[in-house]
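Asker: Before I ask anything, here is the structure I am working with.
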Amino acid sequence: MFASTRCRCVTVLAFCAGSAQALDLCIASWNTQSLGWNNNKAYAALGRIGPAFDFIAVRELMNERGAQAFLSALEEASGVV
């Protein structure tokens, strides 16, 4: 389904109002191969995998329709709007 899926769990040092705090973030970078074109992408599968990450970078997002379908799948799988 994916040309490449990469996940990096990193610790970020955030500076807020003069105090430092460590945050653990799980970051994904997906090449979805032309997401949004009528090419039978498994949006439900993307939705089920997506909630495991704090930040998702999507490459090859081709149009607004693909973005909306991806967001809808994430919302349906996670229950978060």
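Asker: Could you please let me know if GLY50 is at pLDDT 80 or above, more than 12 Å from the chain's Cα centre (by Cα) and at negative phi? Steps first, answer last, please.
Answerer: On the way: at pLDDT 80 or above: yes; more than 12 Å from the chain's Cα centre (by Cα): no; at negative phi: yes.
Against the criterion (at pLDDT 80 or above, more than 12 Å from the chain's Cα centre (by Cα) and at negative phi), GLY50 does not qualify.
Asker: Pairs only if they're at least six apart or on different chains, beta carbon under 8 angstrom, first in region 36-63 and in a loop (DSSP other than H, G, I, E, B), second surrounded by fewer than 17 Cβ atoms within 10 Å (Cβ to Cβ) and among the aromatic types (Phe, Trp, Tyr); list them, first residue then second.
Answerer: Qualifying pairs under 8 Å: MET62/TRP37; ASN63/TRP37.
Asker: Scan region 8-24 and tell me whether some residue there is outside any loop (DSSP other than H, G, I, E, B), modelled with pLDDT of 80 or more and of a type in the set (S, T, N, Q).
Answerer: No - not one qualifying residue is present in region 8-24.
Asker: Would you check if ALA69 is surrounded by fewer than 19 Cβ atoms within 10 Å (Cβ to Cβ), among the small types (Gly, Ala, Ser) and assigned to a helix (DSSP H, G or I)?
Answerer: yes
The values are calculated or read from the model by the stated rules, or taken from the named source; none is laboratory data. Bear in mind the structure is a predicted one, so any value in this text is a computation, not a measurement. All Cβ positions, even for glycine, are placed from backbone atoms using ideal geometry, and neighbour counts span all protein chains on display.
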